[in-house]
Amino acid sequence: MADLKLRLCENMRTIVWPDSAFCFQDLLQFRVAAACEVPPPWLTLQNDLARAGVPPSSVRPLPDRPMADNFGAFLRGEIDVIQMLEPWADRLVKSGAEHVWHRFSQRGGIAYSTFYALRSYIVANRDACRRLVSGLAAAQVAFQAAPPAAIAESIGAWLPDLDAPPIARIIEGSREAQLWATTPDLPLESFVRLKAAMVSGGLLGRDVAYPHVVDAPLSSADPA
């Protein structure tokens with residue numbers, strides 16, 4: 001098993017292979033490269049490890065490098081397991097050099113991309129905030145209904161380094177993984193998962209209560 005190319009991927013479909021069963025203890029025997037461009041990938045991975053009874057310090061993460069560098073190192077056989085975001089994940093899948101071993105979205109929803117504002121701003125500009133949330137809700141409905149190829153064509157100008165086919169594959173894979181929210185609501189469970197990872201990883205020094213930072217009536221599909 002150690003000579004097989006593996007990959008940890010946050011947002012792509014699972015490709016079944018002969019030894020597809022995954023548990024976090026398996027990582028102890030491999031050279032692991034974590035995504036480091038932003039904190040959440042490692043923070044959530046270390047939290048997953050701890051919840052599975054695996055001390056995060058027992059995993060042998062390689063020195064931090066950009067995903068572009070890890071991409072090349074993986075193909076050269078210098079990395080056994082690599083944690084990647086898109087579009088690097090799709091490029092590795094398309095190359096045929098590896099398989100998706102585990103998809104982190106299997107843990108359930110998590111509150112990654114979120115709009116933030118001061119409480120004073122929301123009070124003073126609540127109507128503008130309502131319109132923003134209503135627009136997001138309409139966009140989410142349209143996004144779920146549109147074919148991936150049509151979406152890829154409409155957003156391609158903002159992704160000049162990607163052609164339409166990989167954009168469409170990434171959209172389709174993310175849909176299959178139920179990665180994207182279908183409404184603007186911020187569920188308590190998703191908030192708690194991200195908060196737990198940030199607290200256990202040391203990025204947050206204290207607990208933060210959901211009602212203290214989330215305006216639930218405003219974030220619903222029919223904002224109040």
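Of note:
- Put a plus charge on the Cβ of each Lys and Arg, a minus charge on the Cβ of each Asp and Glu, and nothing anywhere else: the dipole of the chain about its Cα centre is then about 380 debye.
- In units of the compact-protein estimate 2.2 N^0.38 Å, the range 128-182 shows a Cα radius of gyration of 1.23.
- Intensity falloff of the range 43-92 expressed as log10 I(q)/I(0), Debye formula with alpha-carbon point scatterers, at q = 0.13, 0.21 Å⁻¹: -0.36, -0.83
- Over all directions, the projected convex hull of the C-alpha atoms in the range 120-224 averages 8.8 nm² in area.
- Neighbour counts of C-beta atoms inside 10 Å place 67, 198, 84 in the sequence 198, 67, 84, starting with the fewest.
- Pairwise Cα inverse-distance average, inverted: Kirkwood Rh of the range 78-122 (Å): 13.7
- For the chain: relative contact order, % (alpha-carbon pairs under 8 angstrom, 6 or more apart): 27
- Label-point gap, in nm, between residue 50 and residue 130 - each point 7 angstrom along Cα→Cβ: 4.1
- Paired Rg and Dmax values of the range 91-174, which use every Cα atom, in angstrom: 17.4, 53
- Note on the chain: Rg/Rh from Cα positions, Kirkwood definition for Rh, rounded to two decimals, is 0.99.
- Rotationally averaged projected area of the range 50-137 (alpha carbon convex hull; nm²): 9.4
- Expected 222 nm ellipticity per residue - DSSP helices of 4 or more, -39500 (n - 2.57), all of the chain, to 500: -12500 deg cm²/dmol
- Applying 1/(1 + (r/R0)^6) with R0 = 30 Å to the Cβ-Cβ distance of residue 122 and residue 183 gives a FRET efficiency near 0.95.
Since every read-out is calculated from the coordinates, none of them should be taken as a lab result. Quick caveat: nothing in here was measured; it's all calculated off a predicted structure. FYI the Cβ positions are ideal-geometry reconstructions off the backbone, even for glycines, and counts take in every protein chain you see.
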